[in-house]
Structure formats: structure tokens, C-alpha cells
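Written out below as C-alpha cells is the structure these notes cover.
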Amino acid sequence: MSTNDETRIRALIERWAEAVHEGDMDGVLADHADDIVMFDVPPPEEGVVGIDHYRETWPPFFMWQAQGATFELVSLDVTAGEDVAFAHALLRCGTERELHENPDGRLRLTFGLRKEHGRWLVSHEHHSFPDRSAV
């Protein structure tokens with residue numbers, strides 16, 4: 001693993017999280033592959049494929065977030081090979097009430113990345129919350 005690649009990927013994901021927090025669509029889409037696959041918390045259960053469908057998932061989230069929700073990166077781990085990498089992160093994501101009721105609750109994120117022409121691109125995202133009803 002190249003420390004430089006790990007640093008570049010970490011910065012890419014931190015920029016993405018900041019763009020999500022700011023509701024910046026261009027920033028959210030930056031550094032994502034045209035054929036991205038994303039599995040998200042809300043439906044569709046089969047996920048979304050392609051940058052256009054990925055783009056369509058964000059406006060409802062931005063509207064919800066504009067009502068006072070938090071989207072804050074708490075931890076991030078990156079493992080990078082020569083041309084593929086993955087990362088996993090935990091975020092505080094919720095309204096003030098939700099975070100008060102469940103202060104330890106975290107959104108879990110997993111990223112799959114590939115290097116194309118020397119540039120890292122997110123080709124897979126998976127967002128999930130633990131199933132609290134199973135506890």
C-alpha cells in the first residue's frame with residue numbers, strides 16, 4: 001500500500017463528506033465513476049447503478065439535512081492497493097432529536113475505489129445503519 005494513495009483517498013472521502021454536509025451536488029459527484037453502484041439506507045433495495053441515478057438520490061437527503069440534520073465523519077480507515085482500494089467510515093448522521101435519543105448511533109459507510117489514469121474514483125458506496133430492532 002502506498003501511503004500517498006491512502007492519503008489521497010482519505011482526502012477524497014473527507015471532501016465528499018464535507019460536500020454532503022454542505023449540500024454541494026458537484027462536490028458529492030466529484031471523484032465518482034460513471035458506473036458507480038450504491039446501496040443506500042432508503043430504497044430501492046437493489047441499489048442504484050450509474051452516476052445519473054446516484055445523483056437522483058441526493059436531493060431528498062439534502063432537503064432532510066437542511067432541516068437541521070448532522071452529517072459528520074467520525075472515523076475513516078483506508079486500505080489501498082496498486083489500483084483498487086476500499087475504505088470504511090462511521091458518521092454521526094441524524095437530527096438533533098435522533099442523535100440525542102441514540103448518541104452512539106452511527107451511519108456506516110463502505111467505499112470501493114479504483115484507480116483510472118492515476119486518479120482514484122469511487123466505484124461502490126454502501127450506506128447502512130445497524131438494525132436496532134434485532135437487539
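Applying Stokes-Einstein at 25 °C and 0.890 mPa s to the Kirkwood radius of the chain, computed over alpha-carbon pairs, gives a translational diffusion coefficient of 159 µm² s⁻¹. Relative contact order, whole percent, for segment 13-76 stands at 32, derived from Cα pairs under 8 Å and 6 or more residues apart.
Let me know the shape class of segment 50-116, please: from the alpha-carbon gyration tensor, a ≥ b ≥ c as square roots of the eigenvalues, rounded when a/c is under 1.5, otherwise prolate if a/b is greater than b/c, or oblate. Verdict is oblate for segment 50-116. Seen from Ala11, the other residues with C-beta closer than 13 Å to its C-beta sum to a net charge of -1, counting Lys and Arg as +1 and Asp and Glu as -1. In the chain, the portion of solvent-accessible area held by carbon and sulfur atoms comes to 52 percent [1.4 Å probe, whole percent, DNA, RNA and ligands not counted].
Adding -39500 (n - 2.57) for every DSSP H run of four residues or longer, then dividing by how many residues the chain holds, sets the calculated 222 nm ellipticity at -10500 deg cm²/dmol.
Peptides 113-119, 99-105, 6-12 ranked from most to least packed give 6-12, 113-119, 99-105, packing being the mean of other C-beta atoms within 10 angstrom over each peptide's residues. Between Thr79 and Asp52, the contour length at 0.36 nm per residue exceeds the alpha carbon distance by 7.0 nm.
For segment 112-124, 3J(HN,Hα) computed residue by residue from phi via the Karplus equation (6.51, -1.76, 1.60; θ = phi - 60°) reads x, 10, 9, 9, 10, 6, x, 10, 7, 10, 6, 10, 8 Hz, glycine and proline entered as x.
Residues in the chain average 58 Å² of solvent-accessible surface per residue, probe 1.4 Å, ligands and nucleic acids excluded. For the chain, the longest principal axis of the Cα atoms and the long axis of helix 3-22 meet at an angle of about 40 degrees. Normalised by the number of residues in the chain, the mean separation of alpha-carbon contacts (under 8 Å, six or more apart) gives a relative contact order of 24 percent.
The values are calculated or read from the model by the stated rules, or taken from the named source; none is laboratory data. Computed from a predicted structure; not experimentally measured. So basically every Cβ, Gly included, is an ideal-geometry build from the backbone, and we count neighbours across all protein chains shown. Remember, those area values only see protein heavy atoms, side chains included, never the ligands or the DNA or RNA. Shrake-Rupley method; radii C 1.70, N 1.55, O 1.52, S 1.80 Å.
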